[in-house]
Amino acid sequence: MFITVSLLLAALCLLPAAGKLLGHPKMRQSAEHFGILWPRYRLIGVAELAAAAGILIGLWWHPLGVVAAAGMGLLLLGALITHRRAGDSGKEMAPALIDLALAIATIKATLVVLFFMHAKFVPRRTQLIIISGVFWLIILLFMTLSDYVTRVDYRGVRFPISQHFSEGLAPRA
């Protein structure tokens with residue numbers, strides 16, 4: 001399970017890092033909104049990129065992954081403080097909260113799987129069973145999310161998220 005959470009956290013670190021490093025206009029607006037100079041705001045993107053790389057390398061060398069996830073957690077805690085100081089609502093803070101929850105989940109899942117479940121010291125056959133369980137979980141999550149984004153309520157009205165992902169698949173009311 002920690003592989004899934006680690007990959008998801010790395011992806012959620014890479015997306016804003018790419019926007020900051022490439023100078024996306026929305027990221028420039030965010031820097032201006034928070035009152036952070038653009039060169040310093042780009043350094044946050046470098047830190048996010050380093051955290052994502054550390055989390056990915058942590059799939060093979062676990063101590064680095066735990067440290068990278070902890071560093072990403074501190075970075076996201078700083079993001080929440082910055083959002084709070086700027087007077088943002090919960091809607092603007094939601095991505096940072098979700099990423100922070102994933103960082104904490106990555107640390108927790110890694111420690112649980114490696115030490116409390118003794119996965120670090122078991123034979124390869126048992127590790128294969130653990131990996132196949134994670135693969136099955138990914139399949140179930142994908143199927144659940146694909147059902148959710150294409151859902152239509154009893155009146156024929158699409159849910160708000162399905163309007164973004166499945167344009168034209170469901171009838172409009």
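Listed values, structure above:
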{"quantity": "Lone unmet requirement of (1) exposed (fewer than 13 other Cβ atoms within 10 Å of the Cβ); (2) assigned by TED's automatic domain parsing to the domain that holds residue 9; (3) more than 19 Å from the chain's Cα centre (by Cα) for residue 94", "calculated": "(3)"}
{"quantity": "Residues (assigned to a helix (DSSP H, G or I) and either small (Gly, Ala, Ser) or free of Cβ contacts under 8 Å to residues at least 12 places away in the same chain (or both)) located in the stretch 8-27", "calculated": "10, 11, 15, 17, 18, 19, 22, 25, 26"}
{"quantity": "Selected residue [closer than 20 Å to residue 113 by Cα and touching a residue at least 24 places away in the same chain (Cβ under 8 Å)] from 64, 56, 49, 76", "calculated": "56"}
{"quantity": "Single residue of the stretch 17-74 satisfying the filter (surrounded by fewer than 14 Cβ atoms within 10 Å (Cβ to Cβ) and of a type in the set (Phe, Trp, Tyr)) that is farthest from residue 4 (Cα to Cα)", "calculated": "38"}
{"quantity": "Extreme residue, surrounded by the most Cβ atoms within 10 Å (Cβ to Cβ), among residues of the stretch 103-122 that are touching a residue at least 40 places away in the same chain (Cβ under 8 Å) and touching a Gly at 6+ places or on another chain (Cβ under 9 Å)", "calculated": "106"}
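The values are calculated or read from the model by the stated rules, or taken from the named source; none is laboratory data. Predicted, not measured: the structure shown is a model, and the values here were computed from it. Cβ coordinates were reconstructed from backbone atoms using ideal geometry, including for glycine residues, and neighbour counts include every protein chain displayed.
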